[in-house]
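Below you'll find the structure, written out as structure tokens, and then a few comments.
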Amino acid sequence: MIRKNQLRKAFATAAVAFSSIALTTPAYAWEYNPDKNTGNPIGNPVPIPAGRPKAPGIFDVYAEVKGGILTVQFVRPAGVCDMTVTSASDPVGKTYTFPSEAQFSTTVDTTDPELTLEIVTEEGTSYIGNIPIE
């Protein structure tokens, strides 16, 4: 027969094991950006809720320019996005519309050392960042 103390101890052990699993499992669908170390983060990191352990910043959007091709990748889909790409030599820039569910690529002018991206999702969230041209 199981005593109350043994039952409480077993329950507490199970609860601690479950809570440590819940804390370490990411809540983001990383399959949209399988190589998180590729590209530069755009915008501000996702805020960490109070009481959570501190971790490196998590960003929703990554972008890079290689060989004259700008590639933008969302970590989590955010619907249809409008993106304006500007540079020092083209302050008006170009505007693109694309779905955030898949990686988006386009050719860009590579005469300047960096591009400025402004991305607005259909939810109204804005991401602004500078991307070095490689």
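The values are calculated or read from the model by the stated rules, or taken from the named source; none is laboratory data. Because the structure is predicted, anything quoted here is derived from the model rather than measured. Neighbour counts run over all protein chains shown; Cβ positions are idealised from the backbone, glycine included.
Residue count for segment 76-134 satisfying the condition of being hydrophobic (A, V, I, L, M, F, W, C) and touching a helix residue (DSSP H, G or I) at 6+ places or on another chain (Cβ under 8 Å): 0. Scanning segment 67-79 for residues that are outside any loop (DSSP other than H, G, I, E, B) and either surrounded by 13 or more Cβ atoms within 10 Å (Cβ to Cβ) or polar (S, T, N, Q) (or both) yields a total of 5. With respect to THR95, determine if the residue is among the hydroxyl-bearing types (Ser, Thr, Tyr), surrounded by 13 or more Cβ atoms within 10 Å (Cβ to Cβ) and not in a loop (DSSP other than H, G, I, E, B). Spelling it out, it is not the case that THR95 is among the hydroxyl-bearing types (Ser, Thr, Tyr), surrounded by 13 or more Cβ atoms within 10 Å (Cβ to Cβ) and not in a loop (DSSP other than H, G, I, E, B).
Of all the criteria given as (1) within 15 Å of ILE128 (Cα to Cα); (2) at pLDDT 95 or above, the one not satisfied by PHE104 is (1).
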